[in-house]
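**Q** This is the structure I want to talk about, given as structure tokens.
What follows draws every value from the coordinates through simple rules; no lab data is involved. What you are looking at is a predicted structure, and each value in this text was computed from that prediction instead of being measured.
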Amino acid sequence: MIKMPEIYVGVKFHTIFLKKEAHKGKLNKKLIEIGEKIAEHKLNGDMGWGNISYRKENGFVINATKESIGKLNGKKLVFVKSADWKKKSVKVIGLKEPSSECFMHAAAYELRKDINVVLHLHDDLVLKHSKELRVKETKVEKPYGTIELAKEIKKVLGKENCIAIKNHGILALGKNSDKAFELALKMHKKAEYL
């Protein structure tokens, strides 16, 4: 079982709502479908939590905080227009606050211009077997939802499309949602045989 560093208490940044309305994006349906596939294949363990996003011009769309990625709809997706690292704030369009791991996704998109989808899953098997799978892992455990955790991820991400987050979960990245999902599924299937 993944050892979570602390009990969930909500987001650890300030959310500034530019508009409090459901975000309508042409890729929302695809993200919702990928969330359902993740749940179907149990790539998120028994938790149901995790967060998934896609890059959009001038930002990214991510699931809202405290929402199961297997049960998303348009009202549970949030467009993050900007993430201010110094002020620990995000500007959004949506009905709810974005995922607590918003800065983790922002870090991946800033570092990797070649990827358009980020899946953050709590896959116990891949995390347990990260060394055997040759998946790079963050060196230091940091609390969820913090800029410090996002910075740890930036240290190891480089050109990797899958990394482990120490005692927390994994990131699977792709040019599109299918590629990111296929990578997460492939890593999970390999871990099942170890």
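**Q** Relative to the longest principal axis of the chain, what angle (0 to 90°, nearest 10) does the C-alpha long axis of helix 102-111 take?
**A** That works out to roughly 80 degrees.
**Q** Another question, then. Just to confirm the number: angle between the C-alpha axis of helix 28-40 and the first principal axis of the chain, 0 to 90 degrees, nearest 10?
**A** Once rounded, the angle reads 30 degrees.
**Q** At q = 0.15 Å⁻¹, what is the log10 ratio I(q)/I(0) for the stretch 22-86, with the Debye formula run over Cα points and no solvent?
**A** Relative scattering, expressed as log10 I(q)/I(0), comes to -0.44.
**Q** Taking each pair of distinct Cα atoms in the stretch 69-118 once, what is the resulting Kirkwood hydrodynamic radius in Å? Walk me through the intermediate numbers first.
**A** On the way: mean 1/r = 0.0839 Å⁻¹.
This gives a value of 11.9 Å.
**Q** Just the Kirkwood number for the stretch 104-172, please: inverse of mean 1/r across all distinct Cα pairs, in Å, one decimal.
**A** 11.9 Å
**Q** When Rg and Dmax of the Cα atoms in Å is calculated directly from the model, which label among (i) 15.1, 48; (ii) 15.7, 51; (iii) 49.3, 179 fits?
**A** Matching entry in (i) 15.1, 48; (ii) 15.7, 51; (iii) 49.3, 179: (i).
**Q** Sequence gap at least 6, Cα distance under 8 Å: using those rules, report the relative contact order of the chain to the nearest whole percent. Show your work: numbers first, answer last.
**A** Numbers: 420 pairs, mean separation 47.5, N = 194.
About 24 percent, as a whole number.
**Q** Also: Report the convex hull volume per residue for the stretch 30-134, counting only C-alpha atoms, in Å³. Display every interim value, and only then the final one.
**A** Details: hull volume 12.2 nm³, N = 105.
About 116 Å³ per residue, rounded to a whole number.
**Q** Once the Cα atoms of helix 177-192 and of the chain are each reduced to a long axis, what angle between those two axes, in degrees from 0 to 90 to the nearest 10, is obtained?
**A** Orientation of helix 177-192: about 30 degrees from the principal axis.
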